[in-house]
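The values are calculated or read from the model by the stated rules, or taken from the named source; none is laboratory data. As the structure is a prediction and not an experimental result, all values here were calculated from the model. Cβ placement follows ideal geometry from the backbone for every residue including glycine, while neighbour counts extend to all protein chains displayed.
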């Protein structure tokens, strides 16, 4: 994987390019700006021709992101901040110590407690605690999703062979109907439980229907009659479900 930052004069646009082993070029727009993923050896001209072709869509999305940014809060990972998990916000307590070499994180009595070396810079603190929290979300999230599956699977008559909570940049969940495996984006665990249930039911329904056909949506609706409201909430607030962090240059 190779990453470059570029400026496209014709659109007065900053964007990043990520070269990957893939067949097609993809353009993503989020609160961090425009990101392009492209096959290795794709020329800058080819990429910028596509950006120009998609300029109306890109500029529209950037305008939407400007409005969406107002919903986003950025984490400093300092004492007093709150960390969202399912239906609650839990306080974070950070202590600096001189006798430790790396950061650690624990969760007890409804509180996150972190210890960091006292020589950590702001960037090192943010990087370390963000990574530790993501690890916690994945571990604790898998346990809680398994509990939700015990409740939801009998309603759909299907049980996955394996469930993984992982990093997924563009999906809230995914399903392999053949292998009967389900992946859940750790970020969804920052949402209320009814939104988590929507993602779980959505992926379980794919064990019946490996598509988004009317039959698929009828299956989802049979379990969650208000799934459209849950989906709308996620569309509006999904951008907030992350440990957004700003680093000084």
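In table form, for the structure just shown:
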read-out: Test: residue in segment 40-58 that is closer than 26 Å to residue 196 by Cα and either out of contact with any strand residue (DSSP E or B) (no Cβ under 7 Å at 6 or more places or on another chain) or outside the structural domain of residue 187 (by TED's automatic domain parsing) (or both); value: no
read-out: Residues located in segment 212-249, provided they are modelled with pLDDT of 95 or more, more than 18 Å from residue 155 (Cα to Cα), in a loop (DSSP other than H, G, I, E, B) and over 22 Å from the mean Cα position of the chain (by Cα); value: 213
read-out: Residue in segment 106-126 that is surrounded by the fewest Cβ atoms within 10 Å (Cβ to Cβ), counting only those that are touching a strand residue (DSSP E or B) at 6+ places or on another chain (Cβ under 6 Å) and in a helix (DSSP H, G or I); value: 125
read-out: Test: residue in segment 21-35 that is in contact (Cβ under 8 Å) with a residue 24 or more places away in the chain, more than 30 Å from residue 125 (Cβ to Cβ), part of a helix (DSSP H, G or I) and touching a strand residue (DSSP E or B) at 6+ places or on another chain (Cβ under 8 Å); value: no
read-out: Selected residue [at pLDDT 90 or above and not assigned by TED's automatic domain parsing to the domain that holds residue 236] from 76, 67; value: 76
read-out: Among (1) surrounded by 14 or more Cβ atoms within 10 Å (Cβ to Cβ); (2) over 22 Å from residue 242 (Cβ atoms); (3) in the same structural domain as residue 165 (by TED's automatic domain parsing); (4) touching a strand residue (DSSP E or B) at 6+ places or on another chain (Cβ under 6 Å) - the single one residue 129 does not satisfy; value: (2)
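Yes/no matrix, rows are residues, columns are (1) in contact with a strand residue (DSSP E or B) (Cβ under 8 Å, 6 or more places away or on another chain); (2) in contact (Cβ under 8 Å) with a residue 12 or more places away in the chain; (3) not assigned by TED's automatic domain parsing to the domain that holds residue 89:
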| position | (1), (2), (3) |
| --- | --- |
| 141 | yes, yes, no |
| 144 | no, yes, no |
| 149 | yes, yes, no |
| 158 | no, yes, no |
| 199 | yes, yes, no |
| 205 | no, yes, no |
| 212 | no, no, no |
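Yes/no per residue for (1) touching a helix residue (DSSP H, G or I) at 6+ places or on another chain (Cβ under 8 Å); (2) part of a helix (DSSP H, G or I); (3) over 24 Å from residue 141 (Cβ atoms):
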residue: 50; (1), (2), (3): no, yes, yes
residue: 59; (1), (2), (3): yes, yes, yes
residue: 63; (1), (2), (3): no, yes, yes
residue: 66; (1), (2), (3): no, yes, yes
residue: 70; (1), (2), (3): no, yes, yes
residue: 73; (1), (2), (3): yes, no, no
residue: 84; (1), (2), (3): yes, no, no
residue: 90; (1), (2), (3): no, no, no
residue: 93; (1), (2), (3): no, no, no
